[in-house]
Amino acid sequence: MTVTNDAATPLRILILDDEPIVCKRLKPAFQKLGHTVETFTDSGQALARLREAVFDIVVTDLKMEGADGIQVLNGAKASSPETQVIVITGFATLETAKESYRKGAFDFVAKPFKLRDILDCVKRIEDRRRGLPAEPGQ
Amino acid sequence: MDTVSALRRWWSGLEAGRREARQEIDFWRLQALFNNFKRILLLNNAVLEDMAKMERALGGEYIFDRAFLESSVSGIANRVHHVVYSLNALTGNHHVALYDRYQDIRTLLDDILANNIQALADEAVLPLRAIGWEHEPLVGMDLVCLAALSASAQITPVDGLAVTQDGIRALDPSDLGDAGNGKGQRLAETRAVLREHLRRLVKVHPGVPVAVVVSRVDEDEESLQEAGSFLLNVDQERREASLACEDSRGQTAERIILADREIHRAEEGEGENDAAELLLHGLERIARIVGRKTETDGPQRVNYAFFVHPQPSSLLAGTIYTRPLSSNPFAAEDGLVAEVVPLHGAPGDYFLLRRTHPFELIRSLIQIHPAGHRFADGRLASADSTEQPHLSRGSASVEPGLLRGLAETAMLLERIFGAPLEVRWQLWNDGACRITRLRPLVCEVAPDLAAAAEESGETTIICQGGQTGQSGVGAGPVVHVDEAMDPKTFPPGAVAVARFASPNLTPVLQRAAALITEFGSAAGHLATVARELRLPSIFGLPGALGLLPAGTEVTVNGGETTVYRGIVETMLRFGATDMELTPQDREYRMLRRLLRFIQPLHLVDPKTQEFAPENCQSFHDIIHFCHEQAVEELAHFQERWPDLGTMRTRPLELDVPLDIQVLDIGGGVLPEADFRLRPGQIESVPFAAFLTGLTDPRARNPDAPSLGLRDILASMPRSMGLLTTPVDTLGGNLAIVGSEYLNLSLRMGYHFNVIDAYLGEDVSRNYVYFRFVGGLADPERRGWRARFIAKVLATMEFKTSIEGDLVVARLKLTEPDLLRAALLALGALTTFVRQQDTNMHSEADLARWYATFAPSFLATFGEQGIREAGDEVH
């Protein structure tokens, strides 16, 4: 089997997590797939950036100092309704998951998570953008 | 009815009520105790799962943050505390000391989470071999990696010791610490321990100078900054020592004579003791120098550590860079660069080596040596190439074998360190090469992610699947391995492919570039070893042996659980980028330090004196201790609680002449069962299995046993003792049963047999404890019988011990079907041995018994088929 790079269209991705290790590890994984990535550890700065530029995907932590993940989700959607938001959190509860989905999150991922889980999430967003049907079980 | 009769009826009714109430109270108390036991099993299981989850996070498959570490520690600690509480509730507070050990370990873990390096501050001096990840903030990651090399590399690190910041402060008289409290005592303690280590060093390396490397070890700052190095030399008369401060090139920058005759006179030691004393004095001098430097470092406190090691004059020395730098002649080419510097300031040679097996030489730059130049093997370079064709002036100063060994070691170090390195080495006069120092290498060229993406798009996948053991990329030729292989024959840097994840493959992992197994999971023991070594690995990749023929060059991406054809160079380079979780990440280091106090199991053998609460060094030790003690308590439960016999039990009607009383503690018998139970009404899974074997006709021998007068006489003291024991305390045959639990005490004839078992679907909770003693036969026959029982148990893979005629055996972590078969066999064994007890006339009967018994009851254990032996936790 020969591998082909599926990232046909490079995406603009914003990653926000107040723990630098999360940004540090996610960034090259997306870059390797050909996407453009900006990372933030401060939610205020991330919100400011969302106001001045449009991103295809926002990956945001939920519980942070200052603006929390739900506020960032709202900010991203206000800036560009097409932006898909993936919420990641170490304090996952049914309530927080419900609220994230209600506010329009594309997916909700509990920490710790496998890199593959987030990459699959992004792939599903790519598929949706291309108008491809979701794979079984998704 | 007269008044007296009425009173009698009233009184007897009251008495009956009281008896009933007492029985109920006893029953609930018993059930509460058993619930404690069940809770210990459940909590142990949950702790083991949490520990495995934490440990697995080391492999880089998961993205986690500090909050995960905090919540994991908190969850595990709470459960461990609960286990300790439950054991004390079960045993009547016989293990209160466990609370202290729990608290000590919890404090250490909290200190690690709070970045408080004082958690281990008592360790002022650490021999290199004793350094582990928990010491990383005290000594620096270079020494942690160097220590890890001791166990696995072909080229070993130099023998040495570290003096931690606490030791340095104790040795520096100007450092009064926290208001000077205990300064004098701390100094005396540090001197004593240093003296001991220095004496050993001087004894092993007499007359050899000692190098002292001073490094900054700041937790989250740039670590491994070398602050200076010194050379301590004791004169031949051992009357004075000189201290030379060296610059970064190892050349003397300053020289101080430590004329320390007072110390010499005061100690009145001899030989190595004198030398050690002078060296100690030199180290105190260096501590003062560092102390003065600390004062000028500014308000932010900087921590230092010493690495002290012998430094004889070497034949050769050099540095191997795991990536080329612009400053070396091969900057444009990828590979390992070895710089070899001969003595006497002669120009050095450079070699470029492949970064993967077989680490062959790609290019070299050999200097022309002056005529008369002495090579490392003692021969002189000659201008006449006909005389010594291999040693002309243009010969390399180092042999290819040594270069290859250095390359293998450097790549192993880079993997453990998780970043490119500069590795310094020396070839001493004894002919052995030693690694003396590591320093991180700042690569000038960032990895080209786009190129990596492009190349991975052009590669061919050979196979894909399984679980990530350790992420990362390794490449090399495939070598098929199994338990029978001599690890020394495994080519260093090759890719090991095995069918099973057997723990016996551990030595192979220390030489491999990557590991793939067909069976086994990423939660098993071998995967833990792979993570310890940071070895890229995939577990449970179907058909790997067939898909990856021996000799095929492959690139293994552990994180993607993918094997590519050929050596994918960019992927190899990309493997060391930020996407990986490496020791360069604070979270990784913190996790490893936490795990040192959570995961290792030091208390293994319950029969040793060391198996005690005060020796628990990790949470795993504590829960293992609790588990063993809980099983032990239940194994002797009926002896320790003799009044159980007064409780309401129900007789079991069997087709064999054996009376067993049954006490159901929940789910052990059918709710609608009669008072007199039949075997079919037993719901307890382990008891039902045991009864099936016990009543199996094949276990009964039609030949009547022959009981001689000798047997009866030999057993008189024992049998009389048993017979004269009050009936209440002797007890009958009692089975305490739950749906998945059995505690059975049998007194059949004069055998005393205890079986304590848990049998459910959860493998990690399953176990059988078996104890057998006694019998009406002479000691020789009882000994034969004990050996027969042990042989049967060994076939079923019980861990067995024999003392006289006492047989004790344990079986744990067993699949339900296998454990059921074992309990059935134990039932049959009980009947078989009871009948055959006195029917043994010679040693040869032992084999005859086994040949009779095994075909009927041990067939399951002779045909186990594929078992994932590698996935045993304990």
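The values are calculated or read from the model by the stated rules, or taken from the named source; none is laboratory data. Everything numeric in this text was worked out from a predicted model, so none of it was measured. Here Cβ is always computed from backbone atoms with ideal geometry, including for glycine, and neighbour counts include all displayed protein chains.
Mind listing whichever residues of segment A:51-68 are crowded, with 21+ Cβ neighbours inside 10 Å and either on the phi > 0 side of the Ramachandran plot or among the hydroxyl-bearing types (Ser, Thr, Tyr) (or both)?
The answer is A:Thr60, and nothing else.
May I ask you to verify whether B:Gly559 is part of a loop (DSSP other than H, G, I, E, B), of a type in the set (Gly, Ala, Ser) and modelled with pLDDT of 95 or more? Reasoning before the result, please.
Values: part of a loop (DSSP other than H, G, I, E, B): yes; of a type in the set (Gly, Ala, Ser): yes; modelled with pLDDT of 95 or more: no.
Considered against the rule, which asks whether it is part of a loop (DSSP other than H, G, I, E, B), of a type in the set (Gly, Ala, Ser) and modelled with pLDDT of 95 or more, B:Gly559 comes out as no.
When you look at B:Leu591, is it within 14 Å of chain A (Cβ to nearest Cβ), under 27 Å from B:Tyr99 (Cβ atoms) and of a type outside the set (Phe, Trp, Tyr), yes or no?
yes
Here are B:Arg66, B:Arg106, B:Arg79: which of them is within 14 Å of chain A (Cβ to nearest Cβ) and among the basic types (Lys, Arg)?
Details: B:Arg106 fails: within 14 Å of chain A (Cβ to nearest Cβ); B:Arg79 fails: within 14 Å of chain A (Cβ to nearest Cβ).
The conditions single out B:Arg66.
Which of the residues spanning segment B:47-63 are assigned to a helix (DSSP H, G or I) and either buried (at least 17 other Cβ atoms within 10 Å of the Cβ) or within 10 Å of another protein chain (Cβ to nearest Cβ) (or both)? Step through it out loud before you land on a result.
Residues of segment B:47-63 assigned to a helix (DSSP H, G or I): B:47-57.
Hits for segment B:47-63 are B:Val47, B:Leu48, B:Asp50, B:Met51, B:Ala52, B:Lys53, B:Met54, B:Glu55, B:Arg56, B:Ala57.
Counting only residues that are surrounded by fewer than 20 Cβ atoms within 10 Å (Cβ to Cβ) and modelled with pLDDT of 90 or more, which one in segment B:562-582 is farthest from the other protein chains (Cβ to nearest Cβ)?
Ranking the qualifying residues of segment B:562-582, first place goes to B:Ile567.
For residues that are farther than 29 Å from B:Leu201 by Cβ and in contact with a Gly (Cβ under 9 Å, 6 or more places away or on another chain), scanning just segment B:308-350, find the one that is surrounded by the fewest Cβ atoms within 10 Å (Cβ to Cβ). Walk me through it before giving the result.
From segment B:308-350, those farther than 29 Å from B:Leu201 by Cβ are B:321-337, B:346-350; that's our starting set.
Still in the running and in contact with a Gly (Cβ under 9 Å, 6 or more places away or on another chain): B:323-324, B:348-349.
On the way: B:Arg323: 22, B:Pro324: 22, B:Gly348: 18, B:Asp349: 22.
So, considering only residues that are farther than 29 Å from B:Leu201 by Cβ and in contact with a Gly (Cβ under 9 Å, 6 or more places away or on another chain), the one surrounded by the fewest Cβ atoms within 10 Å (Cβ to Cβ) is B:Gly348.
Run down B:Val80, B:Val96 and say which single residue is within 15 Å of B:Ile622 (Cβ to Cβ) and crowded, with 20+ Cβ neighbours inside 10 Å.
Details: B:Val96 fails: crowded, with 20+ Cβ neighbours inside 10 Å.
Answer to the check: B:Val80.
Could you list all residues from segment B:512-530 that are crowded, with 24+ Cβ neighbours inside 10 Å and touching a residue at least 40 places away in the same chain (Cβ under 8 Å)?
Of segment B:512-530, the ones crowded, with 24+ Cβ neighbours inside 10 Å are B:512-517, B:520, B:522, B:524, B:526-527, B:530.
Once the filter is applied, which keeps residues that are crowded, with 24+ Cβ neighbours inside 10 Å and touching a residue at least 40 places away in the same chain (Cβ under 8 Å), segment B:512-530 yields B:Ala513, B:Ala514, B:Leu515, B:Ile516, B:Thr517, B:Gly520, B:Ala522, B:Gly524, B:Leu526, B:Ala527, B:Ala530.
Can you name the condition, by its number, that B:Val554 falls short on among (1) within 27 Å of A:Cys23 (Cβ to Cβ); (2) crowded, with 22+ Cβ neighbours inside 10 Å; (3) not small (Gly, Ala, Ser)?
(1)
Of all residues in segment A:84-111, which are closer than 21 Å to B:Phe68 by Cα and without any contact (Cβ under 8 Å) to a residue 12 or more places away in the chain?
A:Thr93, A:Leu94, A:Glu95, A:Ala97
Given (1) surrounded by fewer than 20 Cβ atoms within 10 Å (Cβ to Cβ); (2) under 26 Å from B:Val768 (Cβ atoms); (3) touching a residue at least 40 places away in the same chain (Cβ under 8 Å), identify the lone condition not met by B:Thr608.
B:Thr608 satisfies every listed condition except (3).
Which of (1) touching a Pro at 6+ places or on another chain (Cβ under 7 Å); (2) more than 14 Å from every other protein chain (Cβ to nearest Cβ); (3) within 15 Å of B:Cys463 (Cβ to Cβ) is the odd one out, the single condition B:Ala544 does not satisfy?
Single failed check for B:Ala544: (1).
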